[in-house]
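A.B. asks: Sharing a structure, written as structure tokens. Questions coming.
Any read-out appearing in this document is the output of simple, stated calculations on the displayed coordinates, not a laboratory observation. Quick caveat, the model's predicted, so the values are computed rather than measured. Backbone-built Cβ (ideal geometry, glycine too); neighbour counts: all protein chains shown.
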Amino acid sequence: IQADRGEAVVEITAKAVSEATGRVTQARIFTARAPVATIDAANAARALDEAMNVVLLDIVRWAGTGAGTVPTAT
């Protein structure tokens, strides 16, 4: 919670790792912010939940694009 700015911030770094090599193939930082009306437990929790939902949805979308996958030779 950034009280001086009146917002909750969630930031998560996600990495895609190749199963074949164990190397990181892609990485990205996901960030979301949500306003906090008043700085108290209930409003802070609501704002953090809102920001976390945005970040998690962005990660799922990113992973769903095939981020970090390496084509298998056939």
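A.B. asks: If I compute Kirkwood radius over Cα pairs in Å from the structure I just sent, which labelled value in [x] 12.2; [y] 13.9; [z] 14.6 lines up?
C.D. replies: [y]
A.B. asks: Between residue 19 and residue 45, what is the FRET efficiency for a Förster distance of 30 Å, r being their Cβ-Cβ separation, to the nearest 0.05?
C.D. replies: Working: r = 37 Å, r/R0 = 1.22.
Computed FRET efficiency for residue 19 and residue 45 comes out at 0.25.
A.B. asks: Still on this structure: Please name which of 52, 35, 14 has its Cα lying farthest along the dipole of the chain towards the positive end, using unit charges on Cβ (Lys, Arg +1; Asp, Glu -1) and the Cα centre as origin.
C.D. replies: The listed residue farthest towards the positive side: 14.
A.B. asks: Continuing with this model, one more query. Once amide H atoms are placed 1.01 Å from N in the peptide plane, what residues at a sequence separation of 5 or more from residue 36, or on another chain, have their amide H within under 5 Å of its amide H?
C.D. replies: Hits under the 5 Å cutoff: 7, 8.
A.B. asks: By how many degrees, between 0 and 90 and to the nearest 10, does the Cα long axis of helix 41-64 differ from the longest principal axis of the chain?
C.D. replies: Helix 41-64 sits at roughly 20 degrees to that axis.
A.B. asks: Report the calculated FRET efficiency for residue 37 and residue 12 (r = Cβ-Cβ distance, R0 = 30 Å), to the nearest 0.05.
C.D. replies: Working: r = 24 Å, r/R0 = 0.80.
In this case the efficiency is close to 0.80.
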